[in-house]
Amino acid sequence: MPTSSHSILCGASREMVYRIISQSDRWPELFEPCLEVRALERNDQFEDIEITAMINGAPARWRSRRHFLPDVFGIDGVSVEPMPLVHSMRTRWRVITANDAQCALLLEHDFDVLEDVVGIVEGVTTRADAAAFIMRAIETNSTRELGNIRDVATANGHLARHQGPVRRVCSIICEAPVAVVYDAIADTSKWPLLFDSCVSVAVVENGASGELTRIEASQGDHIIAWTTRRHYHPEVYRIDFALETPMPFLETMEGHWRVTTLGPNRSLLSVCRSFKLREGPDNPQPDVILRFLDENADAEMWAIRSFVETGDANFMVARSRHLLPFAPDRVYRALAEIRRWPEILPHCAGLDVIYDDGIGQEFIMKIGNGAGAEQFRSVRTCDPSRLYISYFQPSPPSLLVRHHGSWTISAARDGAEIVAEHRLRINSARCVEAFGDESLARNKARVRERINANTHTTVKACGDWLARGGDDAGR
């Protein structure tokens, strides 16, 4: 009895993927080969369905009985009325946890062909021809269907289904008095200094308890603008706001900033936003908009905390996303196996490993050659179950006072997505000396450019190394 097995990694939970494979009524819209699914009988334990799909370029129909096994995230199926040329067929779906960030979807087929296959399909005259014909159909359709499922699972976080408001809350603890934190968020004139994405803030109207401001911010290579009306409640350390002219891709947004006392010199800062996405064919995917809003809010929180705790605006965040056409676990290993970095990274001029047990790591790395060479000490924690690496540098490069960050690897449509995040405090005096410019904003931009360039070089080098089979093709 011929057997076929196919699998794929999905950047989603087992529950999500299991729900997708359980909903056969959605197959015509999800699976490229599927034309129609008709339910003859269905309940929580099983379903009896009639399926019409393309088989090697021609439509075919069969009937299948599927038994749901939610305790093992699986589905077992048997053909009640098999497709042409097939005497019997069994299928098994299984969703298996790979790590905290991914699951593996497995699809198996066991089948047997009819004894007499002559005259059923043109060109098929023997049982061997029939077996090859069915195997080719399974290979083609399974590959497409698993790819479709992975794409749907990856996109399942999109907000396209949300017709009503979306709510987001972001918060951070600050080691500063509540009044100091409140003053930082109330004084919009400081925003271009505090927030890297903020280009300008202009007060359009000023009133006794509030103001209307126009804000310009950078989003990638573009400048976006909006107006927001803010009402101040200093007696309870709260600021309410509503966007009168929303930022692009939003219909509405409103919310509030709030500072809560945790002690004489400790405060909780939170911002709550409620917004509705604008619908339109030219808008970015909803998850792209949401990601921008979330990442912007997170960067603002860290910048405010740094400012109220240190009294300067030298903090900044550099974040970048990259795609590599390799399995996420292979990308993770390339970034995690520091002892192989001298062969992977062209800008690694030397590496002294102080400690490495695969989880905790400490090393001194030298970058570049000659007069421009620098070295830094880094301490990392690797989490293979989450494909996540966090780090801090006790001895960062000379332009920085502090540097910590993370690498996050997850499944993407064509391989792996790598998110590199750097949280930095620049050495302002050293930057003025190095760049000959006293502008904090311009020096931050220069540091960000260098950090992002170094990240790009690292990711590209890992991709080139994997393409050469440097990791022995995933072992």
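Summary of values
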quantity: Normalised convex hull volume, segment 242-336, alpha-carbon set, Å³ per residue; calculated: 181
quantity: Overall Cα dimensions of segment 316-467 - principal axes, largest extent first, Å; calculated: 44, 34, 25
quantity: Two-decimal Rg to Rh for the chain - Kirkwood Rh, Cα set; calculated: 1.07
quantity: Nonlocal amide H pairs with residue 98, under 5 Å, H built at 1.01 Å; calculated: 103, 104
quantity: Whole-Hz ³J(HN,Hα) from phi, Karplus 6.51 cos²θ - 1.76 cosθ + 1.60, for segment 393-402, glycine and proline x; calculated: 10, x, 10, x, x, 5, 6, 10, 8, 8
quantity: For segment 273-323, diffusion coefficient by Stokes-Einstein and Kirkwood Rh (Cα), 37 °C, 0.692 mPa s, µm²/s; calculated: 248
quantity: Using θ = phi - 60° and Karplus 6.51 cos²θ - 1.76 cosθ + 1.60, couplings along segment 439-451 (whole Hz; Gly, Pro as x); calculated: 6, 5, 4, 5, 5, 4, 4, 5, 5, 4, 4, 5, 4
quantity: Only Lys, Arg (+1) and Asp, Glu (-1) charged, at Cβ; the chain dipole about Cα centre in debye; calculated: 940
quantity: Translational diffusion of segment 1-86, µm² s⁻¹ [Kirkwood Rh, Cα pairs; Stokes-Einstein; 20 °C; 1.002 mPa s]; calculated: 152
quantity: P(r), alpha carbons of segment 422-475 - 5 Å bins starting at zero, rounded %; calculated: 4, 18, 19, 14, 10, 9, 9, 8, 6, 3, 0
quantity: For segment 3-157, convex hull of alpha carbons as volume per residue, Å³; calculated: 100
quantity: Segment 249-399 - Rg over Rh from alpha carbon coordinates, Kirkwood radius; calculated: 1.05
quantity: Size of charge dipole - segment 166-312 - debye, nearest 20, with Cβ of Lys, Arg +1 and Asp, Glu -1, no other charges; calculated: 400
quantity: For segment 171-300, diffusion coefficient by Stokes-Einstein and Kirkwood Rh (Cα), 10 °C, 1.306 mPa s, µm²/s; calculated: 102
quantity: Helical contribution to [θ] at 222 nm, DSSP H n ≥ 4, -39,500 (n - 2.57), averaged over the chain, rounded to 500; calculated: -8500 deg cm²/dmol
quantity: Euclidean distance of C-alpha centroids, segment 398-475 and segment 186-223, integer Å; calculated: 28
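Each reported figure results from applying straightforward, stated rules to the coordinates on display, with no laboratory input. Owing to the predicted nature of the structure, the values given are computational and were not obtained by experimental measurement. With ideal geometry, Cβ positions are generated from the backbone for all residues, glycine too; neighbour counts draw on all protein chains shown.
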